[in-house]
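Engineer: Let me give you the structure first, and then I'll get to my questions.
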């Protein structure tokens, strides 16, 4: 078994380069802010940021001027409102302008899926009657070869690197993920390189005890990083809750460019690692976000010897 | 009847409209409260579907986003978003879906993308999310929006999600599988979409002959208690079509309010 364990600094240094198309996925859950902050600390530039929901993570990366372009389907602070840094960049070019390539959710899913399946496009029942194809020439319509119907198609998306946060993996990168699965499997299989970040690194036997839960196999994984609480303020099912207070607080901070930069100075550039961020947040935060227990019923895979 | 807020009226009106429905695509906020209230009242078999990948959610607390972890614990099924959009939505298994927007026009087309020009926006809004394909594939769309003149507009700045496009026939011509907008619940009134040709325009003197162009048009169906017709027209950016059977929305009952206030949203996060 290949040991792919790395620290976050080295994983980002090795696998994320200026100009890369980067997909840090995770729909509301398992959004790896730790990787984003390390990319910001290492000063990456001209990235194409791919994500269904840019969320606070790309709001921060755009404020940090890491990105040239964003490919996305929903630009909101989920459950709260706007992404103010993205809006400043789009509406006023502050701190820099950003190119947008815009889809719907199913369109983004289809892009990753066709990227992962090595297909030339993905057909979907969407976009008819919408103005989205007018502002995104990559959304097209094709005639079905099996009938008289026209169907929307989107092209494959194959990012240079995907970052996927999950509950646990072994050192080869065989990864157990539960709760919201989002588009992580598709993004991982579609990407040239994959960094898996986990709450816990476990023995291979733990992974093999429950193979249905292995959403991403080590086969497609290049680096494994153990970074507990690496998704804060997002959450990891069964490990910690979403920090909704922070999402509300970011709404206030991010409305002001100076306050945003001050926050980045303190919480991104002002710490060396996620470990330092976790310590700086303090134990009260982690106590507040600790969930109770809800165990699944045991599953018998059977021993067939 | 005790006092209630406009949000409570909207939640209850939307919940009642879910009577007998089995599958609903839920959004966070008012739709979430409406769906949970419906499940406790008029639609006991209602299965809540969230675009994040959850089928059959049983939230133990008020979810604060469509990906809240309380939607996962105790759900019937949690799946990838490819499965959610493909096997549930696109396959036609969603009976009712809730949508909202910054702008809506008389045919229920919705804008959640931009105010101004897309390339040089005055206000950049969140965009489609799943709304575009939801509007196309769900059997029926329920819209919840506050009645404001800047939202109920003659011409959208951008069509994110198609409603009845330029009139009902257009959905059929373009072969959109879902039925499109069925209901708009606001803080002042309820609109339905005209499927016949009945109805009259406001003011009454300007009645027009029925023609196909007006099929699928938003029609004032009921006014909430205490709301005047003129108040509604004031907030709508086109000449409003009114049902010949215009009525008053049924007032809220004590039991609906009590469920909402004591159990579903005790902190009043979405009721204000």
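Engineer: Quick check: from the Cα gyration tensor, does the stretch A:105-154 come out rounded (a/c under 1.5), prolate or oblate?
Structural biologist: Because a/c hits 1.5 or more and a/b fails to exceed b/c, the stretch A:105-154 counts as oblate.
Engineer: To continue, here is another question. Applying 1/(1 + (r/R0)^6) with R0 = 22 Å to the Cβ-Cβ distance of residue B:91 and residue A:138, what FRET efficiency is obtained, to the nearest 0.05?
Structural biologist: Computed FRET efficiency for residue B:91 and residue A:138: 0.30.
Engineer: Still on this structure, I have one more. Taking 60 Å as R0, compute the FRET efficiency from the Cβ-Cβ separation of residue A:280 and residue A:119 and round it to 0.05.
Structural biologist: Working from the Cβ atoms, E equals 0.85.
Engineer: Assuming R0 = 30 Å, what is the FRET efficiency of residue B:150 and residue A:257, from their Cβ-Cβ distance, to the nearest 0.05?
Structural biologist: Step by step, r from the Cβ atoms, then E = 0.65.
Engineer: Which of the three applies to chain B, rounded, prolate or oblate, going by the alpha-carbon gyration tensor with a ≥ b ≥ c and a/c under 1.5 meaning rounded?
Structural biologist: Judged from the Cα gyration tensor, chain B comes out oblate (a/c at least 1.5, b/c at or above a/b).
Engineer: Pick from A:18, A:222, A:160: which is most flexible by mean-square fluctuation in a GNM of chain A where alpha carbon atoms under 10 Å apart are linked?
Structural biologist: Its mean-square fluctuation being the largest, the pick is A:18.
Engineer: While we're on this one: Using Cα centres only, tell me the gap between the stretch B:221-272 and the stretch A:213-277 in whole Å.
Structural biologist: 41
Engineer: Pull out the extension gain between residue A:94 and residue A:300, defined as 0.36 nm times the separation in residues minus the alpha carbon to alpha carbon distance; nm, one decimal.
Structural biologist: Taking 0.36 nm per residue and subtracting the Cα distance, the gain is 68.6 nm.
Engineer: Mind checking the full-extension length gain between residue A:10 and residue A:208? Use 0.36 nm per residue of separation minus the Cα-Cα distance, one decimal, nm.
Structural biologist: Residue separation times 0.36 nm, minus the Cα-Cα distance, leaves 68.5 nm.
Engineer: Taking neighbour counts of Cβ atoms within 10 Å as a proxy for exposure, in what order, fewest first, do A:108, B:9, A:40 appear?
Structural biologist: So the residues, fewest neighbours to most, are A:40, B:9, A:108.
Engineer: Got a sec? Which residues in the stretch A:93-131 would a label at residue A:146 touch, if it sits 7 Å along Cα→Cβ and we count backbone N under 18 Å?
Structural biologist: Of the residues in the stretch A:93-131, A:114, A:119-126 have backbone N under 18 Å from the label point off residue A:146.
Engineer: How much mean residue ellipticity at 222 nm does the protein assembly as shown get from its helices, if each DSSP H run of length 4 or more adds -39500 (n - 2.57) and you divide by all residues, to the nearest 500 deg cm²/dmol?
Structural biologist: Rounded to the nearest 500, the figure is -6500 deg cm²/dmol.
Engineer: Still on this structure, I have one more. Pull out a ≥ b ≥ c, the square roots of the eigenvalues of the alpha-carbon gyration tensor of the protein assembly as shown, then state rounded if a/c is under 1.5, prolate if not and a/b is larger than b/c, and oblate in the remaining case.
Structural biologist: Prolate, since a/c reaches 1.5 and a/b exceeds b/c.
Engineer: Let me ask another. In what order do B:7, A:126 fall by count of nearby beta-carbon atoms within 10 Å, going from fewest to most?
Structural biologist: B:7, A:126
Engineer: Something else now. For chain B, give the share of DSSP beta bridges that are antiparallel, in percent and rounded to the nearest 5; count only bridges with both residues there.
Structural biologist: 55
Engineer: Distance from the Cα centre of the stretch A:1-53 to that of the stretch A:131-188, in angstrom?
Structural biologist: Cα centroid to Cα centroid, the span is 18 Å.
Engineer: Specify the inter-centroid distance of the stretch B:1-35 and the stretch B:64-99, based on alpha-carbon positions, in whole Å.
Structural biologist: So the separation of the two Cα centres works out to 18 Å.
Engineer: Continuing with this model, one more query. If each residue's Cβ is checked for other Cβ atoms within 10 Å, how do A:52, A:281 rank with the fewest at the top?
Structural biologist: Starting with the residue having the fewest Cβ neighbours, the order is A:281, A:52.
Engineer: Sticking with this structure for a sec: Of all DSSP beta bridges in the protein assembly as shown, what percent run antiparallel (nearest 5)?
Structural biologist: 45
A short reminder: the numbers here are calculations on the coordinates, not readings from a lab. As the structure is a computational prediction, the values presented were derived from the model and not from experiment. Neighbour counts are summed over all protein chains in view; Cβ atoms, including those assigned to glycine, are modelled from backbone coordinates with ideal geometry.
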